[in-house]
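Undergrad: The structure's right below; bear with me while I get my questions together.
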Amino acid sequence: MKSLGALLLVAGSACPVEPTVKLDPAPGSVFEVKGNQKKALMRFDLSAIPAGTTIVKARLALTLTAVVSEPPLNPKRFAVTVEEARAANLVVKGPGEYAVDLTKLVRGKSAVAVSISGMEANPGATISRTALEIEYSFTAPQADAGGAVFQLRPGAIRLDGGKSALPDGGKAGLRYSWTIARPAWGSP
């Protein structure tokens, strides 16, 4: 059985350097992780992002201190989630600065809750500094290729970028191109 792998839709247009906002977590956020028993929880208000824009990039920047586990293991692994969706597994070798891409999980939201929990061996950490850095655009298109495409037999596949649009909802001038982001095993 062969599948074609994941396809990446890129809706293109030339974009100048985009504005960026740096958001601090809301008051009442929790900045300490103790395994699965105590999660760090940071809430971010996205109302500083102008209406009618497209989020081009969203990066959670973290500075971790007091990174520990019982029994002592290295590296430590933490699960990062936005609402209930898994964003990343963060592998931490010790105190330092780390970043997680949250772009797809914050688009279209007015606020987000980011949680961090230990994955095994009861890892813990204190988050001494965090920010959500968001780059947005008044002109960048929002690419939407629909769901995943799987095909068991050789043949043509129909790809449709018709759900893609500019921030104002228009489609005039959009160009579409697809690339194989992750070829399936056994694919040429």
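Rule-based calculations on the coordinates, nothing more; no lab input. What you see is a predicted model, and the numbers here were worked out from it, not measured in a lab. Here Cβ is always computed from backbone atoms with ideal geometry, including for glycine, and neighbour counts include all displayed protein chains.
Undergrad: If you take every residue apart from Lys34 with its C-beta less than 14 Å away from the C-beta of Lys34, what net charge results, scoring Lys and Arg +1 and Asp and Glu -1?
TA: 0
Undergrad: Loop only by DSSP, 16 or fewer other Cβ within 10 Å of the Cβ. Give me the GluC sites (Glu not before Pro) in region 97-188 that pass, ordered by residue number.
TA: Passing sites in region 97-188 are Glu120.
Undergrad: I want to verify a result. In a Gaussian network model of the chain, Cα cutoff 10 Å, which of these has the top mean-square fluctuation: Pro71, Pro123, Pro154?
TA: Judging by the Gaussian network model, the answer is Pro154.
Undergrad: Add +1 for every Lys or Arg and -1 for every Asp or Glu among the other residues with Cβ under 13 Å from the Cβ of Ala48, and state the total.
TA: Computed value for this residue: -2.
Undergrad: Separate question: Per-residue counts of other Cβ atoms within 10 Å, averaged by peptide: what ranking do you get for 18-29, 40-51, highest first?
TA: 40-51, 18-29
Undergrad: Compute the signed sum of charges (Lys and Arg +1, Asp and Glu -1) over the other residues within less than 9 Å, Cβ to Cβ, of Glu120.
TA: That works out to +2.
Undergrad: Under a 10 Å cutoff between Cα atoms, tell me which one of Leu166, Leu62, Leu152 has the largest fluctuation in the Gaussian network model of the chain.
TA: Result: Leu152 has the largest fluctuation of those listed.
Undergrad: At a threshold of 8 angstrom on Cα-Cα distance, excluding pairs fewer than six apart, so keeping six or more, what relative contact order does the chain reach in percent?
TA: Relative contact order for the chain comes out at 38 percent.
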